[in-house]
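The values are calculated or read from the model by the stated rules, or taken from the named source; none is laboratory data. Not measured: the values here are computed from a predicted model. Cβ coordinates were reconstructed from backbone atoms using ideal geometry, including for glycine residues, and neighbour counts include every protein chain displayed. Areas reflect the complete protein model, heavy atoms only, side chains present, ligands, DNA and RNA absent. Shrake-Rupley method; radii C 1.70, N 1.55, O 1.52, S 1.80 Å.
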Amino acid sequence: RTTMKSLRFISAEAFVSNAEFARKSLGAVAHDLFPLLFKASYLLEQGEVIHDLVENWPLFDFNMGKLLGATLDYQEDLSHRTCSVCLENCLTGLRDYVLNQSSPYTKKLKVVDLTGIKDVEVQFCKCKKTMGRWARTQLLSKLCSELLVYLQQAQCNPGTFEISVNVLIDLFVTERNYELVVQALLKKCSCPLKICCVAFRSDNLTLQKFFYIIKLTDPSLLRKLEIVHNVHLEMEHLEMLFNSIHFPLLMSLTLPARTFNVRRFTATDEQMLSNIGEKMGEMTQLTELSMSFSILTGRIQKLLSPLKTPLKMLDVSNCSLNHADMAYLANSFHANHLEALDLSGHDIPELYPSTFFKLLSHCSSVLRSLTLEDCNIQDTHVNMLILGLSPCQKLQEFKFIGNPLSSPALKHLFIFLCELPMLKNVEFPVPRDCYPIGITYPIDDASLCRFDHQKYERIAEELNLILLQANREDVKASTPLFGSYDAAVQETNNELGAYLIKSFKETLEKFTTSFNKMS
């Protein structure tokens, strides 16, 4: 698919394609052409030109999302290109903007916004080397620390110390880059480039370190908080977090697996849960909540009813919800506003079919993403499912892997899915008839790949043909056996893997020691 370029954009490409000439000529370029030249340089991966454009940026703000997004000159959105060459030159250019000794009065830059960069699975840049969120966090922290050391040692123009640029970024912190980020945040006041954390993700970090760094980020600015893998946050720690820190702008909250476990609740725990609900109720901007793999049976109302703003995104996958929980969700004021819903890991047809369809009908006018993985949806339920999904005309994404559906049932469902006008992404299960007879659901990891791959490929082709014949080439259909792509996990999987092996080794050593003592 080719995107039309204006004559201005074609001229900009021609100008930046000769890097040496472009760099020498920047001084004669009108200020309002810098954004155009930046996008053209980014498209052509002209790293050196990008560096010099940023180093001499003449405008008040530098917003990556707007600069790379669709423009009148070039409609294509480049914000999902996390090209390492481009981003590294962009950030080093920012450092050199501060160090460049040319007359300080021309330095107008006040805000740099890096939050518009989107990490996606398929990269179109020529270098094929990406710089993900973790690496961007690492590099910006390193540059801020180096900048401060240089300014303290070198004889700089006094005007350099008056430069103050707020750099808005989505930070991603793990054990491996923790110290570097902490140092950059501690010295924020003295550094001309001031890290302003808008979203914070933490993986593979001790609770002590997490509590320390979250306070350094200035939580009053935080819009998104993700506490995900290998951060052992339990309910009492969450209450402590909410009691000690105020998050007035928080819009999105993701909690790690097993934060809640109502099976071992005491009266004190019930009170603690109520307190957490009330604290979340004070977060008047909160519209996205993810609490997967916690045990919340019968407690959804206690947790969500204090919220004063309706949720637009709710992930309660594998949370052992009962009928009372589903009835609360279906009748709550959240139901009419849910744009994204994940109920994976619940036996919907068996436990609460009518209540689920009531919930679906309430959110049908706004629902964009629905995930029903491992929900025991069988062939006999497909017609009912089609009936429930029919009003969901805004649905863009439907994920239902792990359900025991046969190939004829999938074909029947796909014929219907072609009718959903906004649909873009479908994740469907390996058909039941591709597995050996007698396979039980949910399928364990060991058996997940033991299916007839040739038969699966044949059926997948037939399903794609259904889309093709309905002129729905815009719909991507796939079967990600081990879950959807997660850019953050992909970027740090080596560190996460090493952590899991270390934990397993420690557990094994404890077991051996206990066993030897018993012997």
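Some values worked out for this structure:
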{"read-out": "Nearest-10 value in Å² for the accessible area of residue 458, using the 1.4 Å probe", "value": "130 Å²"}
{"read-out": "The chain: relative contact order in percent, alpha carbon pairs under 8 Å with at least 6 residues between", "value": "7 percent"}
{"read-out": "Potential lengthening between residue 270 and residue 465 on full extension [0.36 nm per residue; Cα-Cα distance subtracted]", "value": "64.9 nm"}
{"read-out": "1.4 Å probe accessible area per residue over segment 253-304, in Å²", "value": "43 Å²"}
{"read-out": "Mean accessible surface per residue for segment 7-131, computed with a 1.4 Å probe while every protein chain stays in place, in Å²", "value": "46 Å²"}
{"read-out": "Anchor residue 39: aspartates and glutamates whose Cα lies under 19 Å away (excluding residues fewer than 8 positions away in-chain)", "value": "13, 20, 48, 52, 55, 61, 73, 76, 77, 88, 113, 119"}
{"read-out": "Calculated [θ] (222 nm, deg cm²/dmol) that DSSP helices of n ≥ 4 give over the chain, each run adding -39,500 (n - 2.57)", "value": "-13000 deg cm²/dmol"}
{"read-out": "Angle in degrees between helix 407-417 and the longest Cα principal axis of the chain, rounded to the nearest 10", "value": "50 degrees"}
{"read-out": "Residue 152-residue 106 pseudo-label distance in nm [points 7 Å out on the Cα-to-Cβ vector]", "value": "3.1 nm"}
{"read-out": "Signed unit charges on C-beta, dipole axis of the chain, positive-most listed residue 38, 27, 355", "value": "27"}
{"read-out": "Under 5 Å, built H, 5+ apart or other chain: amide partners of residue 167", "value": "112, 194, 195, 196"}
{"read-out": "Charge tally in the Cβ shell below 11 Å around residue 295, where Lys, Arg are +1 and Asp, Glu are -1, residue 295 excluded", "value": "+4"}
{"read-out": "Whole-number percent relative contact order across segment 7-131, with pairs defined as alpha carbons under 8 Å at least 6 apart", "value": "30 percent"}
{"read-out": "Size descriptor, Kirkwood hydrodynamic radius, that averages inverse alpha-carbon separations across the chain, Å", "value": "25.9 Å"}
{"read-out": "Cβ-defined net charge surrounding residue 263, 12 Å radius [Lys, Arg +1; Asp, Glu -1]", "value": "+2"}
{"read-out": "Simple label model, 7 Å out from Cα along Cβ direction - residue 284 to residue 424, nm", "value": "3.2 nm"}
{"read-out": "Tail fraction, Cα-Cα pairs, segment 7-131, threshold 17 Å, whole percent", "value": "54 percent"}
{"read-out": "The chain, dipole about Cα centre (Lys/Arg Cβ +1, Asp/Glu Cβ -1), debye to the nearest 20", "value": "820 debye"}
{"read-out": "Proximal charge balance of residue 347 [Cβ under 13 Å; K/R count +1, D/E count -1]", "value": "-3"}
{"read-out": "Accessible-area composition of the chain, carbon plus sulfur, in percent [1.4 Å probe]", "value": "55 percent"}
